[in-house]
Structure formats: C-alpha cells, structure tokens
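**Q** Structure incoming, see below.
Bear in mind these aren't lab numbers, they're just calculated from the coordinates by the rules spelled out. These figures come from a predicted structure and were not determined experimentally.
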C-alpha cells in the first residue's frame, strides 16, 4: 500500500470488508485459571462439570418436625396427632440416631433428614409441649424435603464453554465447591496517544493546545468490552517514539489515537506497514474515514482518528469488536437497540456508511443538526446513534428506523 501522506486516499475499504477481516483475525485468546472472586463477567474456556451432588444429602426445606409421613394420615385441626420429640437437627448438626415409630424430630431448614423420617411438617402446623408435638396437617412422603442432587447431579455439565459468567453463575460454581474456573484470557490493550498539540487535563493549557480526551473515552470502552491491563502511552509526533510504542511487547490489541490520516506528521500508518501489515487504511464511512486496521506480530492494531467523535465511532465499529472477540465475547455492539420514527431526514450517499448521532424520545428519533467529527459534546447531547448502510442514500422523515442507545 502506498504512503498516503499529503496525497489522500485513492480508495476506501467498505465497512463490511473491514468487519470480515477483523472476524478472521480475532479468534479468542488462550485460557487462564482464575479465582472465584475474580470470575464475574469472564468467559468460560471449557464446560464445567459438577464433581458433587447438590445438595449432597436429603435436607429439610422448612423449619418444623421430621417424622414418618404414613403416621400423619388423618391429622387436622379437629384431630391433632401427637408424637414424642426425641431431639433436634440443625444445619451442619445432624441427629445421629434413626427415627422410630411415634417419634418426631425438631428440625431447621437445611438440616439433614434423619434415617427413618421421610417428610417434614412445617412449624405452623405443630404445637410442642411437655416433650411432645401435636400436628394438625397430614404430609405426603418427601414433602418439604430437598432431595440429594435435586439441584445439581454429580457429572452434570452446569455451565458451557463460551458462557459469560453472571453473578448467579459464579454462585453456582461456588455451590459445587470449585475455587477456580478456566476462562478466556482477557486481551491486554495498549492505547498510544499521539499529538504535539495535546495538553493533559489539570495542566496549564498553552496557546493553540487542546486537552486530550480520547484516552478517557477509550479507557471506559475498553473496560466495558473486557480488555485487561489497559496501558496508556503518550507520544510526541516523533516517528521513532511512535514506532517504539507500537512494537513494544505485551499487548494483544494496540490502539493508536491520532496521526492516522494523510498529514505529513501522520507516522503511524507507515510504521505499521513497515513492521507488520496494514491491509486496511481508509474506510468508506463518515465519520472515521481515516481509520485503519492491521497487525504487528500477534497484536491487532487499530488506527483511530484524532477527532473525538471519529475516534469513538472507529473504536465501536472496529477495535471494540476485536477486543470483545479476543476475550471470547460476541462481537456485536453491547448497546440496546430501539426502533422509532425518524423526525427529520438523514442524507447519505451510496457506498458510504454514516454514523449519525440522534436523540430518542417517545418513539421519535431526531438527528442532531451537525456532522462535525470534532464536536464531542454532540455525543453527550445525543442518546444514541443511527447507522445508515452503504446501500442507502439516506432516510426520509417518517421512516421507521433502528437506533442504538449509548446507555
């Protein structure tokens, strides 16, 4: 691919072709074993099989009295039946003898059912006095008993490979006694921020400087998408400095903010071509047309335009997809989709994808009346965005259309 600095793009790659390349080169990373406390949100690298029954013993599901069900037949408010109370069972403290005919055992929820008993009468249907208990409700066999293995059976597959662990899933792993699980390794992400004109927030702003914001956008998006060990590197517009940051080991995904277009100081594209490959530079979309996608060694590299809206757009379309996929997550957008009526037209052109910021309220989708890729505040005024496909010249007012909500 030729050097496009001060020459411009001869052609731009269709968005669908970029997504295809990303999907072909963003297989999930290897696995790692992670402790239970750190498993929330992680993606399983293998099926999980239970080594035990849950529960591992028959247990009471109620506070009450364990007894023989056949001896409760006929019990009622006008016919209470009396049993000798021979002891108690508590969670973790079983009754060590077998229950005999005419006997009952005071039992708490979760306590083991003793031999000889096959049902539990709830406490509200029992009155205990003078070493006996009178019951006023008959119970069938196995009533109010949690059976061995009724939750999980030994050898059962309880969670499957590629499943993203929710809090209840982590709880299930704990319930079968597993202190760790094998999960997909989260991608290590390095963000390289370039630009001599950038000032750090909190520092004095020199004449003609702007405060650097892109890294603070991207950091939150990377965290959302499951990236790990997020590293931010600031570089001046110096070729050697940028090259050292790109080629440094330790990253699975390298993001480069700024310096991705056709200016004389846009060094990143030529560096990536020299030390790796850059099959895509220039994309048929608005904003983010200077975006690029390539690879250096095993790391995927994404050129994100310096304008903040373009940076956000290119990340969401391309880099975020790769980070999610490398971490074992679905590549699709993690945004809620809604449908509504377009309040005013959106103009586009055949062959270009348009990312349009919109406000969504009460079923109406209102495009914001601006298109500047440097107007970051437009994304805070917007509640979401609409994507106009490359096959369309735009959307007329009154059209039913999908929008994605920023959240």
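**Q** Compactness ratio of region 195-246: Cα Rg over 2.2 N^0.38 Å, N = residue count?
**A** This ratio for region 195-246 stands at 1.32.
**Q** A further question follows. For region 59-146, just list the percent of Cα-Cα distances falling in each 5 Å bin from zero outward, please.
**A** Result returned by the calculation: 3, 18, 31, 28, 15, 4, 1, 0.
**Q** Still on this structure, I have one more. In bins 5 Å wide, starting from 0, what share of all Cα pairs of region 68-222 does each bin hold, as a percent?
**A** Pairs per bin, as whole percents: 2, 7, 11, 12, 9, 6, 6, 6, 6, 5, 4, 4, 4, 4, 4, 4, 3, 2, 0.
**Q** Taking the convex hull of the alpha carbon atoms in region 217-351, what volume per residue do you get, in Å³?
**A** Hull volume normalised by residue count: 132 Å³.
**Q** Based on the inverse mean of 1/r over its pairs of different Cα atoms, what is the Kirkwood hydrodynamic radius of region 336-405, in Å?
**A** One decimal place: 12.0 Å for the Kirkwood radius.
**Q** Could you work out the equivalent-ellipsoid semi-axes for the chain, taking the square root of 5 times each eigenvalue of the Cα gyration tensor, largest first, in whole Å?
**A** Equivalent ellipsoid of the chain: 64, 25, 18 Å, largest first.
**Q** May I pose another question? Could you bin all the Cα-Cα distances of region 115-191 into 10 Å bins starting at 0 and give me the percent of pairs in each, rounded to whole numbers?
**A** 13, 28, 19, 19, 13, 6, 3, 1
**Q** Suppose we look only past 11 Å in the calculated P(r) of region 216-255. What percent of the Cα-Cα pairs does that tail hold?
**A** So the pairs more than 11 Å apart make up 67 percent of the total in region 216-255.
**Q** Please check: in the Gaussian network model of the chain (C-alpha springs, under 10 Å), which one of 131, 351, 149 has the largest mean-square fluctuation.
**A** Among 131, 351, 149, the largest GNM mean-square fluctuation belongs to 131.
**Q** In addition: Taking only Cα atoms and a 10 Å spring cutoff, compute GNM fluctuations for the chain and point out the largest among 197, 70, 393.
**A** Of the options given, 70 has the highest mean-square fluctuation.
**Q** May I pose another question? Return the percentage of antiparallel bridges among DSSP beta bridges fully within region 59-146, rounded to the nearest 5 %.
**A** 85
**Q** Of the residues 94, 51, 290, which exhibits the maximal mean-square fluctuation in a Gaussian network model of the chain defined by a 10 Å Cα contact cut-off?
**A** 94
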